[in-house]
Structures are given as structure tokens and as C-alpha cells.
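Everything below concerns the one structure shown next.
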Amino acid sequence: YFLKRELVFFVFGLVALFVTKSVPYKVYARFVYPILGVTFVFMLLCFVPGLAHHVGGARRWIKIGGFTMQPSEWAKFSVILFAAYLISKKGEKVRLFAKGYIPIMFIAGLFILMILGQKDLGSAFVLFVVIFVMLFVSGTRLHYMIGSIAFALPALYFLIFSVAFRRRRILAFLDPWKYQLDQGFQIIQSFVAFKAGGLLGAGLGESKQKLFYLPEAHTDFIFSVLGEEFGWIGVVGVVALFAFFVYRGISIAMRTRDPFGMFLALGITTLIGIQAVINFGVVMGMLPT
């Protein structure tokens, strides 16, 4: 069932890849504000009863015409597009607090707050980091960024430790076996999957952990299943592919003379790279779930 689904998404993604490839990236600069506006409306729909789709207490999805979508994924791209556009448009002024830093952080902060309202701390954190990387590369004054981080840390602490399930996840990260029947269960099952994979793996389709032992085996923890079926070789191969992707993305950004193209490439590459690193870290127990 899931293999068929992945094949459908793969074909769809491949078509989308070549369609997007044929569109000059400068076209996106003309539609920055319409894209941002449409994304904002879809983000608001996550709070509308009847359209919002709740899973595990989170309201990150909307259902329209039988399709389920997660607007925060569009928000990441839209905010990166906006930041790239504004940084390239303002030039040296981007280093100024009122004319450069504030407009970008205001829009990014607005979307981050909406994502937090959908109980998606992970996506909010990722978007925050990506925007900061883009601002840092643009030459934004470091003390502006340090001040924002200092301001955000108490809020981050509150968001983690004031919410029971997040607090339990942190405790389970520190000692999974103490919480092996609840919050630590998933990461322990992930460890079992990696251990069972060994060097060469159990073989394609031969994972036992995905058979009702490892929660979210086909989504969040699919990397654990890959580790069990393809072993250490498969894990290193996937990590290497992502590393190569990031390397190529950064190389493209560095060679691009147009500031908008450079920051767009940097933002998208950083987004995908950071999300991959976080996922690898979580499923291997190096980061909290």
C-alpha cells in the first residue's frame, strides 16, 4: 500500500520537478506578494472548524475536496521567497534595523506564530533557523540576531516545558528506557530497527519493526525502516545523497550573480538540509523527538 503511494508521489514529484525547472526563477519575484497572501489565507483555514483536520491534538492540516494538505509547508517556501526578494531589493539597506531587519522578521514572525498556533514547534523552529541563515549571509548586523535569539529563548523554553507531551519527550530523550512504555517507546523501537539492520540490512521489505512495533514507520521514522532493511550501507548512502544535494545547492547559490537567485537557492537548500539533519538526529536518538 505505502509502496504504491510513494511511487505515485514520486511520479508526481518528477513531473513537478521538470515543470518547475522550465520556469525561470525570476518569474517568482513577480508573484512574491500574491503567493504570500494565498499562503496566509490557507494558514488561516487551519483554524476554521470543518476545514481543519486534527491529528493528535495538532491542527496543521486542511481537507479540501478529499485532499489533505499542510499549509505550513507552503509557508516555509513563501517566507523564504519573500526574504530572498526583500534582501535582494534592499541591497545594503538590509543591514539597517528599521528598513531591513524588521520587515523581514515581522513577516517571518507572523507566519512562525501561526505555525506555533497549529502546534507545530518543529516547523516553526526550522523556518526561524533558515531565515536567520539568510539574514546572516546578507550581512545583517550580528547583534540584531543575537538580541532576537535572546528574546526567543524564554518563549522556546515555555513552549517546550509548559506542554506536557513535549516535556515528556525531552525527559524520554535523556533516558528512553525509563519511559519505555510511553514517550520512550518510539525511539527504543527505532534503535531496535537500526540494530537489526547491521551492516548490510535485512533486505528490501524485510523490516519487522514496521509491522506495528515502530510508530509512524511510513512517515516520521521511515529512516529507521530504511536502516533495518538496507543496514549501515543504506543509511550512509542516504545521508551522502542529502549531503551532495546541500553541497550542490550551496555551490549554485555561490555561483549565482543575481542576489535574488542566490538567496532563493540558499534558503531552499538550507531548508531541506536542516530538515534532513533534524530527522536523522531524531530517529537516531541524537535529538529529542
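Would you work out the relative contact order for region 40-130, in percent, from Cα pairs under 8 angstrom that are 6 or more residues apart? Numbers along the way, then the final one.
Values: 87 pairs, mean separation 23.0, N = 91.
Across region 40-130, relative contact order equals 25 percent.
Tell me which label goes with the value of semi-axes √(5λ) of the Cα gyration tensor in Å computed from the coordinates here: [x] 36, 19, 16; [y] 33, 23, 21; [z] 35, 22, 17.
Of the listed options [x] 36, 19, 16; [y] 33, 23, 21; [z] 35, 22, 17, [y] comes from this structure.
Only sites in a loop by DSSP and with at most 13 other Cβ atoms within 10 Å count here; which chymotrypsin sites (Phe, Trp or Tyr not before Pro) in region 182-249 make the cut? Write out the running numbers ahead of the final one.
Numbers: sites: Phe185, Phe191, Phe194, Phe212, Tyr213, Phe221, Phe223, Phe230, Trp232, Phe242, Phe244, Phe245, Tyr247; in loops: Phe212, Tyr213, Phe221.
Filter output for region 182-249: Phe212.
Using only the alpha-carbon atoms, how far is helix 71-90 inclined from the longest principal axis of the chain? Give it as 0 to 90 degrees, nearest 10.
The answer is roughly 30 degrees.
Ignoring any ligand, DNA or RNA, what whole percent of the accessible area of region 200-280 comes from carbon and sulfur when the probe is 1.4 angstrom? Write down the numbers at each step before the final one.
Values: 3280 of 4530 Å².
Here carbon and sulfur together make up 72 percent of the probe-accessible area.
Please give the direction-averaged projected area of the C-alpha convex hull for region 150-259, in square nanometres with one decimal. Show your work: numbers first, answer last.
Details: hull surface 41.8 nm².
If you wrap the Cα atoms of region 150-259 in a convex hull and average its projections, you get 10.5 nm².
With each run of n ≥ 4 DSSP H residues scored as -39500 (n - 2.57), what mean residue ellipticity at 222 nm is computed for the chain after dividing by its residue count and rounding to the nearest 500 deg cm²/dmol?
Numbers: 11 runs with 196 residues, N = 289.
About -23000 deg cm²/dmol.
Within 10 Å of each candidate Cβ there may be at most 14 other Cβ atoms; applying that plus a DSSP loop requirement, which GluC sites (Glu not before Pro) in region 177-261 survive? Provide the component values of the computation, followed by the final result.
Working: sites: Glu206, Glu216, Glu228, Glu229; in loops: Glu206, Glu216.
Here the sparse-neighbourhood loop sites are Glu206, Glu216.
Going by alpha carbons, how many degrees (0 to 90, nearest 10) lie between the helix axis of 142-161 and the longest principal axis of the chain?
40
Roll a 1.4 Å probe over the protein chains and send me the accessible area per residue for region 37-157 in Å².
Working: 6140 Å² over 121 residues.
I get 51 Å² per residue for region 37-157.
Counting Lys +1, Arg +1, Asp -1, Glu -1, what net charge surrounds Gly201 among other residues with beta carbon under 10 Å of its beta carbon?
Numbers: positive: none; negative: Glu206, Glu228, Glu229.
Value of the local net charge: -3.
Using a 1.4 Å probe on the protein chains only, how many percent of the accessible area of region 48-192 belongs to carbon and sulfur? Display every interim value, and only then the final one.
On the way: 5420 of 7840 Å².
Roughly 69 percent, rounded to a whole number.
From the C-alpha gyration tensor of region 75-135, pull out the three semi-axes of the equivalent ellipsoid (sqrt of 5λ each), sorted largest to smallest, in whole Å.
Numbers: eigenvalues 95, 22, 16 Å².
Computed over region 75-135, the values are 22, 10, 9 Å.
Show me, bin by bin at 10 Å from 0, the whole-percent P(r) of region 101-167 based on Cα pairs.
Result, from short to long distances: 19, 53, 24, 4 percent.
Would you mind checking the tilt of helix 32-45 against the longest principal axis of the Cα atoms of the chain, expressed as 0 to 90 degrees and rounded to 10?
Approximately 50 degrees, to the nearest ten.
So how strong a dipole does the chain carry about its Cα centre when Lys and Arg Cβ are +1 and Asp and Glu Cβ are -1, to the nearest 20 debye?
Dipole magnitude for the chain comes out near 820 debye.
Between Val192, Val246, Val15, which gets the highest mean-square fluctuation from a Gaussian network model of the chain, Cα cutoff 10 Å?
Among Val192, Val246, Val15, the largest mean-square fluctuation in the Gaussian network model of the chain belongs to Val15.
So which trypsin sites (Lys or Arg not before Pro) in region 227-289 end up in coil per DSSP with only 15 or fewer other C-beta atoms within 10 Å?
Arg257
Tell me, what are the semi-axes, in whole angstrom and largest first, of the equivalent ellipsoid of region 56-191 as set by the roots of 5 times the Cα gyration tensor eigenvalues? Spell out each step's value before the answer.
Numbers: eigenvalues 216, 81, 29 Å².
Taking √(5λ) for each eigenvalue gives 33, 20, 12 Å, largest first.
From the phi angles alone, apply the Karplus equation (6.51, -1.76, 1.60; θ = phi - 60°) to region 190-200 and give each ³J(HN,Hα) in whole Hz, x where the residue is Gly or Pro.
Per residue, the Karplus-derived 3J(HN,Hα) values read 5, 4, 4, 4, 5, 5, 5, x, x, 7, 10 Hz.
The values are calculated or read from the model by the stated rules, or taken from the named source; none is laboratory data. Being a predicted model, the structure only gives us computed values, none of them experimental. Here Cβ is always computed from backbone atoms with ideal geometry, including for glycine, and neighbour counts include all displayed protein chains. Quick note on the areas: whole protein, heavy atoms, side chains included, nothing else; ligands and nucleic acids left out. Shrake-Rupley method; radii C 1.70, N 1.55, O 1.52, S 1.80 Å.
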